[in-house]
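The values are calculated or read from the model by the stated rules, or taken from the named source; none is laboratory data. What you are looking at is a predicted structure, and each value in this text was computed from that prediction instead of being measured. Cβ placement follows ideal geometry from the backbone for every residue including glycine, while neighbour counts extend to all protein chains displayed. Accessible surface areas use protein heavy atoms only, side chains included; no ligands, DNA or RNA. Shrake-Rupley method; radii C 1.70, N 1.55, O 1.52, S 1.80 Å.
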Amino acid sequence: MANGARWVPWTSILAQMSEILDAVRAGAAPAVLEATDMPLTTRAVFVRREDQGMFAGMATKDKDPRQSLHVDEVALPELAPDEVFIAVMASSINFNTVWTSIFEPLSTFGFLDRLARESYWGRRHALDYHVIGSDAAGVVLRTGSAVRNWKIGDEVTVHCNYVDDQDPSGHDDSMLSNNQRIWGFETNFGGLADIAVVKANQLMPKPTHLTWEESAVNALCNSTSYRMLVSRHGAPVTQGDKVLIWGASGGIGSFAVQHVLNSGGIPIGVVSSENKAETLRELGCEFVINRGEKDYRFWKDEHTQDESEWRRLGKDIRSLVGDDPDIVFEHPGRSTMGASVFVTKRGGTIVTCAATSGYMIEYDNRHLWMKLKTIKGSHFSNYREAWAANQTIIDAKVVPPLSAVFALEQSAEAAYEVHHNQHEGKIGILCAADREGLGITNHELRDRVGERRLSVFRRHDKE
Ligand code: NAP
């Protein structure tokens, strides 16, 4: 195997693992953590290089993360000077967990091999297993020699923008870096583990009023939506703007709704069930379209779209809010892009960060140029934007859309649910935290926000 690394039966090193994690769980002082040996391995969720071809020829929906995701012990790498080890108390399932697990649109081992060609430290990533996960909340266990702003014992959340600060192309906006990557997707040693390796410039303070699992589900999706709808790099919402949000009770959608409301805009949330519509109303989104009920057929067949169906959506939006949307928050891609371009207001913007249903999209360009619309591409966020997005959580202006919590061993089941759109909001994963509800240090703020508001998405999960 690459670099001689291997995974080993986890029972053999359980005792070794537990000492420092037990200390973290017991709330040990930084000096105690520093004096406790780091283990050589960690429990982690990974895909295997040898499985890359396992789903060849299968339809996307039939590719099952439960066959490709494994949980076992893997070796921890040497720490680079600009990195920290964190005890991951909780993590989350993102849609990129699904992409990695079904090896679509590419196997992520290609990303790791490319990273390995860049530097001495990059070489550590090209292993025969890929530890995935692009969210984490936890405690700093060790800091590399070049880390200045963080210390052992700090409670943190982690954003997933992984950049090389020696690359000049990234010094205006690090998302423009030539070798910008997503941690735990295009790098190894991600967040679905008891211990993860993180660059110091991915760290942010943990919100004190939230549990570990509530803190762990925000950074990736919240920062993405923040850049798309708040930052000048996206399509920033101004007061009164009407914003059509696809998948409005999903991962990025549930943050998009909150950012639009906070900016004084009017979200029009699209969801596929009445249960999800109810969640949105509780979140404060007054205008909701249930696409399940409306049964839009934007595509007549695989190759032909139906403009009359785009028009029907447009009419439904006008009858709800009296106007066309200034902004459309796009990510389903092939199924919806034609409709999104059509319904956007003259001079408006379609801001897109994904293409879940297919990336070879098709729209009628006449509706774009004749009505002076703009399609804006967006991808995650830079550190400043992620920090600002994290601040919205710290200030309780945005609440975590945590809908369910799974144990690390159940990550594959959780990924299966996300793959099949059986979830709402975000699924949290308990890693080193041995139970839910831990990690709150500011009870006063939590009381002010209120359990009801913090559990909008969980109530629906229980019904
Ligand atoms: P998610 O939690 O699964 O939510 C997506 C929602 O989109 C679903 O809940 C579903 O809502 C809706 N949807 C799915 N297929 C649809 C279709 N064909 N037509 C209309 N609506 C559809 O996923 P997510 O975390 O929000 O991520 C969404 C996409 O963005 C994924 O492809 C992900 O990889 C990508 N993403 C990109 C970035 C980036 O930085 N570029 C960051 C985060 C996520 P309803 O069924 O209720 O309508």
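Show me the ranking of peptides 434-440, 247-253, 323-329 by mean Cβ neighbours inside 10 Å, starting with the highest.
For the peptides 434-440, 247-253, 323-329, the packing ranking is 247-253, 323-329, 434-440.
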In whole angstrom, note down how far apart the Cα centers of segment 332-370 and segment 251-328 are.
-> 14 Å
Longest principal axis of the chain (C-alpha) makes with the long axis of helix 307-321 (C-alpha) an angle, in degrees to the nearest 10, of 80 degrees
Determine which lysines satisfy two conditions relative to Lys315: a Cα distance under 23 Å, and not lying fewer than 8 residues away in the same chain.
-> Lys242, Lys276, Lys294, Lys300, Lys345, Lys371, Lys373
On a C-alpha basis, how far is the centre of segment 424-463 from the centre of segment 84-128 in Å? Whole number, if you could?
-> 28 Å
Which percent, to the nearest 5, of DSSP beta bridges fully inside the chain are antiparallel?
-> 60 percent
Cα-projected label distance for Arg281 with Asp113, points at 7 Å along beta-carbon direction, nm | 5.3 nm
Size of electric dipole in the chain: Cβ of Lys, Arg +1 and of Asp, Glu -1, about Cα centre, debye, nearest 20 | 1100 debye
Which percent of the accessible heavy-atom area of the chain goes to carbon and sulfur, probe 1.4 angstrom?
-> 49 percent
Read phi for every residue in segment 28-34 and hand back ³J(HN,Hα) as whole Hz from Karplus 6.51 cos²θ - 1.76 cosθ + 1.60, θ = phi - 60°, with x for Gly and Pro.
-> 4, 5, x, 5, 5, 4, 5
Relative to the longest principal axis of the chain, what angle (0 to 90°, nearest 10) does the C-alpha long axis of helix 251-262 take?
-> 70 degrees
Mark the label point 7 Å from the Cα of Thr304 along Cα→Cβ and return the residues of segment 341-365 whose backbone N is within less than 19 Å of it.
-> 362-365
Treat each spin label as a single point 7 Å out from the Cα along the C-beta direction, and report the Arg66 to His379 distance in nm.
-> 3.4 nm
Solution diffusion estimate, µm²/s, Stokes-Einstein, segment 222-377, Kirkwood Rh from C-alpha pairs, 20 °C, viscosity 1.002 mPa s | 141 µm²/s
Enter the Cα centre distance for the pair segment 401-420 and segment 43-78, rounded to the nearest angstrom.
-> 15 Å
Would you work out if segment 389-435 is rounded, prolate or oblate? Take a ≥ b ≥ c from the square roots of the eigenvalues of the alpha-carbon gyration tensor; rounded if a/c is under 1.5, else prolate when a/b is larger than b/c, oblate otherwise.
-> oblate
Degrees, to the nearest 10: 274-283 long Cα axis against longest axis of the chain = 80 degrees
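Rolling a 1.4 Å sphere over the protein heavy atoms, what is the accessible area per residue of segment 413-463, to the nearest Å²? Before the final figure, lay out the partial values.
Numbers: 2690 Å² over 51 residues.
Dividing the accessible area of segment 413-463 by its residue count gives 53 Å².
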Hey, can you find the accessible area per residue of segment 222-377 for me, probe 1.4 Å, expressed in square angstrom?
-> 42 Å²
Rg(Cα) / (2.2 N^0.38 Å) computed for the chain, rounded to two decimals = 0.96
Name the long-range amide H neighbours of Gln305: under 5 Å, sequence gap of 5 or more, or other chain; modelled H, no Pro or chain starts.
-> Lys300
Could you order peptides 422-433, 391-402 by the average number of other Cβ atoms within 10 Å of their residues, highest first?
-> 422-433, 391-402
Point-to-point label distance, Asp447-Asn365, nm (Cα→Cβ direction, 7 Å offset) = 6.2 nm
